[in-house]
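Every number in this text was worked out from the coordinates using simple rules, so none of it is lab data. Just so it is clear, the model here is predicted, and its values are computed rather than measured. Glycine also receives a Cβ, built like all others from the backbone with ideal geometry; neighbour counts cover every protein chain displayed.
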Amino acid sequence: MSRPSLPPLITFIGFVSFIIVAALVAMFGPSLPEIQRTFSKSETEAGFILTAHFVGTFIGTFGSSLLQRSLSLRSRFVIAAVMIVAGSFLVAVTSSWALFLVATTLRGLGAGVLFTDINGLFANGFGSRSTAMLSLVNAAYGAGSFLGPVLVGLMSGSFRTPMLIGSVGSLTVLARASFTPRFRSVSEARQGRMVRSWSPVLLTLFLVALFASGSVETTLGTWLATQLQADGFSKQVAANVTGFYWGAQTVARVLMAPLALRFSAKQLLLVGFVLEVLALALAHVPSLRVAAYILAGVGVAFPFTAGIAWLNQALPGLRVATMLGLVASLSGAAVMSPVTGQLIGVFSADVLPTTMLLLTLIGLTAVVILWVLTRGKNNSI
């Protein structure tokens, strides 16, 4: 088994930054009712908070790929950390809705740069253990996503103090990023290699699956608290269930690490979508809804990590493989979160499980077709 090739400081920054950024993003879900009251906004308007974040992340993802050609890893880490610190602080203190959205976008830009670099480094930087380590660093993201809503719940739904705490925590990443060593990743050394067996049809199917999984993972985490409050649960209970949703995802990604040493990424991808379908079908039964959403947290843990690993095996190259996967996933989150918010505003919160189930079935269909088209082929996919 190969030894890790990433310097310890880069590994540290990867885990800590994922915890902090995830906590900041996950705070939005249980904070939405309070944000709506503070700024006098509807569900539809509040949904654009997530759009602002993911548009920023989307741009940051492309920006990171461009910055790799002109800036060192240290410089990229520092730039990303500064944007996250500044954006989080402004979100915590501003009374202007426009500035709130701008600050959210700024924070998303920093997150996009970090996500692209960290996911790419972990997907390629640990040899035969890369898929397992990629699962663990994304489990750290899940841990942050669990802690964020819990912190909001402890503050009785208030968003300003938790956001300010996140801003201070981001300073940790900034302080450590300034000491990042010079490093050339394994994937950069093999950048020119491309697997020609990836036809446009296969690539499109793969990106459809990642779009669907990104949509469900983020949209559920954002809006399930709104649905539970509509069902009669208190703000604190709804925030706690959101935390358990992300917590289940974290535990599943930790368990996925040893599984990744025994099963292929494509197998884990299929398992994740099947679990999501089961959970979201159960979520249509009100008495089972809380348990179903926690089970959904287990299901959504698999597709992104397994998908990024699978894509990197097929397209070895940090910029190409990781950027494509992230763009597909982030596009789903950026599009479907506000769309779902609009549907909730027009109809009711009960549209949430139905919309998410339809998206999951689309993703599952794409994965099944990929399995059929690649069965028996001697390639990494």
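Considering every Cα-Cα pair within the stretch 124-176, what fraction, in whole percent, is farther apart than 11 Å?
74
No solvent, one uniform scatterer per C-alpha: report log10 I(q)/I(0) for the chain via the Debye equation at q = 0.06, 0.09, 0.11, 0.14 1/Å, two decimals.
Taking Cα atoms of the chain as identical point scatterers yields -0.20, -0.46, -0.69, -1.15.
Fewest Cβ neighbours within 10 Å first, please rank Glu34, Glu217, Glu43, Glu276 accordingly.
The order, fewest Cβ neighbours first, is Glu34, Glu43, Glu217, Glu276.
Obtain the nm distance between the two label points defined at Thr94 and Val274 by a simple spin-label model: each point lies 7 Å from its Cα along the Cα-to-C-beta direction.
4.6
If a helix is a whole DSSP H run, which ones in the chain reach 20 Å or further along their own axis (Cα) and hold a mean Kyte-Doolittle hydropathy of at least -1.0?
Those that clear 20 Å and a mean of -1.0 are 8-26, 43-67, 73-93, 97-124, 130-154, 160-177, 200-230, 235-260, 265-282, 301-314, 323-346, 351-374.
Can you put Phe159, Phe302, Phe39, Phe347 in order of Cβ neighbours within 10 angstrom, beginning with the fewest?
So the ranking, lowest neighbour count to highest, is Phe347, Phe39, Phe159, Phe302.
Zone of Ala281 (label point 7 Å along Cα→Cβ, backbone N under 19 Å): which residues in the stretch 348-375?
352-369
Tell me whether the stretch 37-98 comes out rounded, prolate or oblate; compute the Cα gyration tensor, take square roots of the eigenvalues as a ≥ b ≥ c, and use a/c under 1.5 as the rounded threshold.
oblate
Can you tell me how much longer the chain between Ala230 and Ser348 gets when fully stretched, taken as 0.36 nm per residue apart minus their C-alpha distance, in nm with one decimal?
Full extension from Ala230 to Ser348 adds 41.6 nm.
What order do you get for Thr226, Thr44, Thr305, Thr360 when you list them from fewest to most C-beta neighbours inside 10 Å?
Lowest to highest Cβ neighbour count: Thr44, Thr226, Thr360, Thr305.
Tell me, in nm to one decimal, what length is gained between Ser156 and Leu288 on full extension, where the rule is 0.36 nm per residue of separation less the Cα-Cα distance?
Here the answer is 45.0 nm.
Counting only helical runs of four or more DSSP H residues, what would the 222 nm mean residue ellipticity of the chain come to if each run contributes -39,500 (n - 2.57) and the total is spread over all its residues?
-27000 deg cm²/dmol
Testing the spin-label approximation: label points 7 Å from Cα along Cα→Cβ at Leu361 and Ser40. State their distance in nm.
4.2
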